[in-house]
Structures are given as C-alpha cells and as structure tokens.
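Okay, so here's the structure we're looking at.
Nothing in this text is a laboratory measurement; each read-out follows from the coordinates by a stated rule. Predicted, not measured: the structure shown is a model, and the values here were computed from it. Heads up, the Cβs are rebuilt from the backbone with ideal geometry, glycines too, and the neighbour counts pull from every protein chain shown.
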Amino acid sequence: MDDQEVAGDSPEEAFEREWRRQLFTLALEDLAACAAREGKQLQLAIFEAYDLAAAERPSYAALGARHDIAETAVTNHLAWARRTLRGFVTERLQGVTPGERELRQEMRRIWI
C-alpha cells in the first residue's frame, strides 16, 4: 500500500487498518511468548522467515536446509505457528465481540 492510497483513506478505513495492524501485532507477541514458553523457537523462526518475510519468501526446501530439518517438518512447524496465531487472534477478538455470531463475522472479515 503506498502513501497516496493511505492518505486517501476515509477515517473509518484508517481506523480499521490500524485496528487490524494492532490486533495482529498483539497476537504475534502472544505467539512469540508461547513459543518461548513451550520451547518452540524453531517453529517461530520458520514462521517468521516464511510468513513474515519482507522480501521474497524462501521455499520450504530452503528453510529445511537452513535449519537442517526435513521439508515435511517445515510444513508441520508452519501449521503449528499458524494454528496457534489464529487461536491468539480469536482470543483477542472474543474480548471485543459481544457473541459467537459477531466473533465469526469478525474472524471472516480480518482473514480476507
């Protein structure tokens, strides 16, 4: 998203974008704390290298070689991190939604 696009946003769009950014920032902090507690720093490192890559994503094979693990382990580590992150996002949304229906609507909206 370029500066011109952001500058042209309505106040509601700007609020929504910032709210979503903050939600994921907090959930990512939760994920990092969970990984540290559970000894899953490798899973977190692979998730960060692949899903949070600022540049081109490395292949699963490259990540496996970098960490001396099988490609299938990369898949499993990413699945753990994504599933756990989704759980933390859900927890945070439960605190700001009045019921199950609204929670499901918010979950669908933010994962677009």
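Count charges around ALA62 for me, please; just the other residues with Cβ under 11 Å from its Cβ, Lys/Arg as +1, Asp/Glu as -1. Taking every Cβ under 11 Å from that of ALA62, the sum is 0.
Once the chain from GLU102 to ARG57 is taken as fully extended at 0.36 nm per residue, the excess over their C-alpha distance is 12.8 nm. Between ALA65 and ARG92, the modelled labels are 3.5 nm apart [label points 7 Å from Cα along Cα→Cβ].
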